[in-house]
Amino acid sequence: MVATMGLYAQRPMSAPKGGKAISDELIGIFFEDISSSADGGLYAELLQNGSFEYSPAERDGWGPGTAWRLIRPGHSLGTMQVRMDNPLNESNPTYMRLHTERAKEYYDYKGWKGFGLQNDGFDGISVKAGEKYDFSAFMRTIGNTKQVRIALVEPAKGWGQEPKLLADATLDVSSTSWKKYETVLVPTEDSPSAVLQVLVLTVGDLDIDQLSLMPQDTYKGHGLRKDLAQALADLHPKFMRFPGGCVVHGGGDGFWDTYRWKTTIGPKEQRKSLKNCWGYHQSLGLGYYEYFQFCEDLGMQPLPILPCGVSCQGTNGGWGMKNQAQDVVPMSEMDEWAQEALDLIEWANGDPATSKWAKMRADQGHPAPFGLKYLGLGNEEKITPEFCERFKYIYEKVTKAYPDIVIVGTAGPGSHPGNPDLENGWKLAEELGMPIIDEHYYEPNKYFLDSRQYDSYSRDRKTKVYLGEYASKDKKLIDALAEGLYLLHVERNGDVVSMTSYAPLFARKGATNWNPDLIYFDNERPFLTCSYYVQQLFGLSSGQYYYGDCVSFEGDALGIEQPQKDVHYGQSVILNVKTHKLYVKLINAGAEVKYANINLSRFPLKKNVTVTTLTGQPEQENNYDAQPIAPQQKQQKAQRKFTFSLQPYTMVMLEYQL
């Protein structure tokens, strides 16, 4: 009986009359490694530059020793040397040779000796008492066996002081060829600012590379920082676009810095690291395998974006040039770029028994296909004839080989009516019958308060809209409410717009390239913005049907569905037939109370309703110092017909079980 009831509850319900079918994938996330979102962020690795591959090509003054310091406690002596001969592999050719000349104990010995290196992580290493941390490194000895001490410590507080030991282990390195050595460190107490020390206790030479310190307790055991991953899970996103953004085509750097997915899979030590176009280093420990795995963990559709043989028109200051500075790959070389797309589909969806790319996926631990549905080609490229030629070349090869893959194209930068790139992007989309086109814009809150861009879009087009990057240009409550109003109009146009994602997603404290962002963070915790909570409420309330005639505001003409252009209040009623839930969302971004007359008589409401309220003063914001804005929730008796008093600068969501 219980099993029968469970099956019945999972059956989709019939939608009452009056609803408009809309996309139930409207709210997703867009992850780009900007503002140290990956290394030092979502990727849980605690050591910085563990491969010694940092370079002045990435940032002036950087090199193999960046984030490392030479240490020699207890009167020890030695030197270190950057080497590239006989490396661990060709993808990561740089390693460090440690030459230990002296590591003795003297009369003042206090437990510290040895010659080696110290890594401070990303502004310190945060560790918790009793938690387990996996240390690994590739090492080889020159000659005799070397004893190597691995220690997590709090640094000495002053001259002549000793560090405070949190955890340590000793490894005997006897191999004269590269070998991975591992141990587990368990700190005895919490520390927000620990460092890792590698101390050679035996005289002689030792080579070391690919050092790593990873917490065992990561999100679902897949190597991502738990609190940041959970913050994303709590948004209830339906898809994730990755890895960019400008990162895809190398931003302002050129083709050499293009993100190539094949270099980001397989064993971590074999991946080829890359400059990040936002001015730092990408270890690519967070690569395509991890992105796809995370999508599976959160029940999201993966939306990988691939380059298509065209550089960013903004390379090396090109934004200011007449017609801009876009470079293109010769058509004679485009097979390589098209094949990259075909191989990705095979890697994600293929059979390991018949496909070498699918076998690589299986070898990494995922024999079942990932079920790739969407594939993006290009990011914000200027829609020139050269771009169109190359895009079509890849598009036609992919759709011929894999007709079920849904291609997402690009509308170039600045996707507003009148922009030539938007017009040319749509022309290309209609010529090809492209399923989805990706539009981007960042504007002051006035745009989102006033504009209703998608009300005027044609319903006759085959191509749907993905609003892949957008945000109000500040992080105050009024900005979040403005974005919410705009999303109400997106839901109303959910037959035209199929997907949206706020951008950027993450920003690390002290390493922020762009403001505002949805989630700020440091080593200890995420800081959730007002916009985060608006996105969360929309993510929670996804559905398949929109009802525009259930809510009317006092003072409006009969039949008006708010928000209209220049109106700063609005509503949306969404039915999810799969979960049997109904959502009423109300937003007031003005200074006066608004009265909403609500009629839900056509829906079989159960006894109670959950009321979630987000409110405050318009100029308030959540930041590192204070977080005054957060949703409040309560339960109350459900009513079919009633008038709701919508307070100024407030978003309210009513959630009903049917």
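Every number in this text was worked out from the coordinates using simple rules, so none of it is lab data. These numbers were taken from a predicted model, which means no experiment stands behind them. Glycine also receives a Cβ, built like all others from the backbone with ideal geometry; neighbour counts cover every protein chain displayed.
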Practice task
Please turn the phi angles of the range 644-652 into ³J(HN,Hα) values with the Karplus equation 6.51 cos²θ - 1.76 cosθ + 1.60 (θ = phi - 60°), one per residue in order, whole Hz, x for glycine and proline.
Solution key: 10, 8, 9, 6, x, 6, 9, 10, 10
Exercise for the section: Give, in nm to one decimal, the length gained when the segment between residue 579 and residue 647 is fully stretched (0.36 nm per residue of separation minus the Cα-Cα distance). Expected result: 21.5 nm
Fill in the blank from the handout: Rounded to the nearest 5, the percent of DSSP beta bridges in the chain running antiparallel is 75 percent
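Using r as the Cβ-Cβ distance of residue 525 and residue 332, and R0 as 60 Å, what FRET efficiency do you calculate, to the nearest 0.05? Please report the intermediate quantities before stating the final value.
Details: r = 52 Å, r/R0 = 0.86.
Efficiency, from the Cβ-Cβ distance: 0.70.
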Fill in the blank from the handout: Bounding extents of the range 315-439 in its principal axis frame from Cα atoms, largest first in Å, are 51, 28, 25
Exercise for the section: Loop only per DSSP, at most 12 neighbouring Cβ atoms within 10 Å: give me the trypsin sites (Lys or Arg not before Pro) in the range 267-372, ordered by residue number. Expected result: 322
Practice task
In whole angstrom, note down how far apart the Cα centers of the range 132-160 and the range 581-648 are.
Solution key: 55 Å
Practice task
Convert each backbone phi in the range 111-124 into a coupling constant with the Karplus relation 6.51 cos²θ - 1.76 cosθ + 1.60 (shift: θ = phi - 60°), then list the ³J(HN,Hα) values in order as whole Hz, x for Gly and Pro.
Solution key: x, 10, 8, x, 10, x, 10, 10, 10, 8, x, 9, 6, x
Practice task
Return the whole-Å distance between the Cα centroid of the range 178-194 and the Cα centroid of the range 243-269.
Solution key: 30 Å
Handout entry: Integer Hz, Karplus 6.51/-1.76/1.60 couplings in order for the range 583-599, x for Gly and Pro
Key = 10, 10, 10, 10, 9, 10, 9, x, 8, 10, 5, 10, 10, 10, 8, 10, 10
Fill in the blank from the handout: With R₀ set to 56 angstrom, the calculated FRET efficiency between the beta-carbons of residue 256 and residue 565, to the nearest 0.05, is 0.75
Practice task
Quick one: which residues, 5+ away or cross-chain, put their amide H under 5 Å from the amide H of residue 512? H built at 1.01 Å from N.
Solution key: none
Problem - Matching label, mean projected area of the Cα convex hull in nm² computed from the structure shown, candidates (1) 43.9; (2) 28.1; (3) 33.3 - result: (3)
Completion exercise
The set of residues whose placed amide H lies less than 5 Å from the amide H of residue 175, leaving out same-chain residues fewer than 5 positions away, is 141
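Out of the range 487-563, which chymotrypsin sites (Phe, Trp or Tyr not before Pro) are coil in DSSP terms and have no more than 15 other C-beta atoms within 10 Å?
Hits after loop and neighbour filter: 514.
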Problem - C-alpha center-to-center spacing [the range 451-518, the range 76-129] in angstrom - result: 47 Å
Problem - Simple spin-label estimate for residue 624 and residue 105 in nanometres, 7 Å along Cα-Cβ - result: 4.3 nm
Completion exercise
Here the gain from full extension of residue 359 to residue 442, 0.36 nm per residue of separation minus their alpha-carbon distance, amounts to 25.8 nm
Practice task
For a label point 7 Å from the Cα of residue 193 along Cα→C-beta, name the residues of the range 120-158 whose backbone N is under 20 Å from it.
Solution key: 120-129, 151-158
Fill in the blank from the handout: Expressed in angstrom, Rg and Dmax over the Cα atoms of the range 1-157 are 26.0, 88
Problem - Distance between modelled label sites at residue 610 and residue 182, nm, 7 Å Cα→Cβ extension - result: 4.0 nm
Exercise for the section: Can you pull a Stokes-Einstein diffusion coefficient for the range 585-658 at 25 °C (0.890 mPa s), Rh from Kirkwood over Cα pairs, as a whole number of µm²/s? Expected result: 180 µm²/s
Practice task
Report the FRET efficiency, 1/(1 + (r/R0)^6), for residue 639 and residue 617, where r is their Cβ-Cβ distance and R0 is 25 Å, rounded to 0.05.
Solution key: 0.25
Exercise for the section: Could I have the simple spin-label model distance between residue 21 and residue 227, label points 7 Å from Cα toward Cβ, reported in nm to one decimal? Expected result: 4.5 nm
Completion exercise
Rounded to the nearest whole number, the per residue volume of the convex hull around the C-alpha atoms of the range 205-316 in Å³ is 139 Å³
Practice task
Only loop residues by DSSP count here, and only those with at most 16 other Cβ atoms within 10 Å; note down the trypsin sites (Lys or Arg not before Pro) in the range 76-165 that meet that.
Solution key: 104, 110, 128, 132, 157
Exercise for the section: Run the numbers on the chain and let me know its relative contact order in percent, using alpha-carbon pairs under 8 Å that are six or more apart. Expected result: 14 percent
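Loop sites only, by DSSP: take the GluC sites (Glu not before Pro) in the chain that have at most 15 other C-beta atoms within 10 Å and name the longest stretch containing none of them. All intermediate terms of the calculation are to be shown ahead of the outcome.
On the way: sites that count: 90, 105, 131, 189, 524, 554, 592, 619.
No qualifying site falls inside 190-523, the longest such stretch.
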